[in-house]
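Since the structure comes first, as structure tokens, the remarks are kept for the end.
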Amino acid sequence: MTYSRWANLPRSVGQWSCEHSLFASRLERIGPHELRYDRLGSRVRAIGPLEIFYDRLGSRPVRVRLPGDGALPDDLLLALFLVLYWEEEREAAAAQRR
């Protein structure tokens, strides 16, 4: 993994590149997988075809769903782990600043 020098944002994961929004406020794409956010833009709701569901308070992911039958591909599982990990890091950093 490589990170940007100043903003500490992921730039690449192996051969995958990471794309960020205009002001680097959120990750838009990791490799071939586009990320979709909720209306407020604070939580990732989907990574490619994979949907993410959160608890009632909306703070913790509780379930993921891949449409159709079949196993979760390894690359999508890696993308899910990384995105949720980076979300957790961002929330922990915001809590420290408070």
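Please treat every number below as a calculation from the coordinates, not as lab data. Here the structure is a predicted model, which is why all the values come from computation and not from measurement. Reconstructed Cβ throughout: ideal geometry from the backbone, glycine too, with neighbour counts over all protein chains shown.
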Nitroxide proxy distance, nm - points 7 Å out along Cα→Cβ at residue 64 and residue 17: 2.4
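Which loop-located chymotrypsin sites (Phe, Trp or Tyr not before Pro) does segment 20-98 contain, where loop means any DSSP state but H, G, I, E or B and the Cβ has at most 10 other Cβ atoms within 10 Å?
In loop regions of segment 20-98 (DSSP not H, G, I, E or B), the sparsely surrounded chymotrypsin sites (Phe, Trp or Tyr not before Pro) are 23.
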Quick check on the chain: helices-only [θ] at 222 nm, where DSSP H runs of length 4 and up contribute -39,500 (n - 2.57) each and the sum goes over total residues. Nearest 500, please. -8500 deg cm²/dmol
Taking the chain as a Gaussian network, where each spring joins two C-alpha atoms under 10 Å apart, which residue of 40, 22, 78 fluctuates the most? 40
Which cross-chain or sequence-distant (5 or more) residues have an amide H under 5 Å from the amide H of residue 45, H modelled 1.01 Å from N in plane? 36, 37, 38
Running Debye on segment 57-98 with equal point scatterers at the Cα sites and no solvent, what base-10 log of I(q)/I(0) appears at q = 0.27 Å⁻¹? -1.02
At a Förster radius of 25 Å, what calculated FRET efficiency corresponds to the Cβ-Cβ distance of residue 34 and residue 8, to the nearest 0.05? 0.65
State the Kirkwood hydrodynamic radius of the chain in Å, one decimal place, computed from all pairs of distinct Cα atoms. 14.3
